[in-house]
Amino acid sequence: MIRISPSLLAADFGRLAAEIHAVEQAGADLLHLDIMDGHFVPNLTFGAPVVKAIAAVADVPLDAHFMVANPQDYIEPFARLGVRMFSVHQEAVIHLHRIVNRIKDAGMLAGVALNPATPVDTLCHVLPELDYVVLMSVNPGFAGQAFLPLVYDKIHAVRALRGDIDIQVDGGVCDTNAKVLADAGATILVAGSFVFRAADYAAAIASLK
């Protein structure tokens, strides 16, 4: 069953509560939060105060993707805000196993994200501990980038290593690649621009599903 996680980075921040309600009513299964610090990626998005406001109005689980230099600093604070899924970048941390277990001890699902050029086999020894893997199909930092087809092989590679794990694909997801991604083994599709730039959110989400 494919789940759709619209990325709020592409929403209208001037009417964020309305945008959240609209995509929830349109069939969103999760809400994707792109947390960027301007160091790990060349962009700065939003932090705890905005996530607190989002959590107060959201009805579906919050799926937080931390593109930050020190993700360990955010684990317990964001768990207290109500974040359900917490992913860190393999490239941003040294003690990955320790951080994964801290995320789980805080009561959240633990995920690890890989940039497009990072090999899947870097996760071999931590994969049994993970709840999901995030495969970037764009270079992280900005919404609206072109999809990188190399992610298809990476989905197959993760699925070969562990058949029962959730695989999230983030970046450039649309109705023309959703089925191929699902057929390859993806289970969660992050879609920002495709959903929030559509005239009809429900039709956009339905086309992905």
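The values are calculated or read from the model by the stated rules, or taken from the named source; none is laboratory data. Computed from a predicted model, the values in this text were never measured in an experiment. Please note: Cβ atoms are built from the backbone with ideal geometry, for glycine as well, and neighbour counts cover all protein chains shown.
As a summary of the residue check, V93 satisfies the conditions (1) buried (at least 21 other Cβ atoms within 10 Å of the Cβ); (2) out of contact with any strand residue (DSSP E or B) (no Cβ under 8 Å at 6 or more places or on another chain) except for the one numbered (1).
Pairing residues of region 17-34 that are closer than 18 Å to A206 by Cβ with residues that are modelled with pLDDT of 95 or more and of a type in the set (F, W, Y), at Cβ distances under 6 Å and at least 6 apart in sequence or on separate chains, gives A22/Y201; V23/Y201; A26/Y201. Checking region 59-73 against the condition returns a match, with at least one residue being farther than 24 Å from V173 by Cα and touching a strand residue (DSSP E or B) at 6+ places or on another chain (Cβ under 7 Å).
What number of residues within region 41-59 satisfy the criterion of being over 17 Å from the mean Cα position of the chain (by Cα), part of a helix (DSSP H, G or I) and more than 16 Å from Y74 (Cα to Cα)? Selection size over region 41-59: 3.
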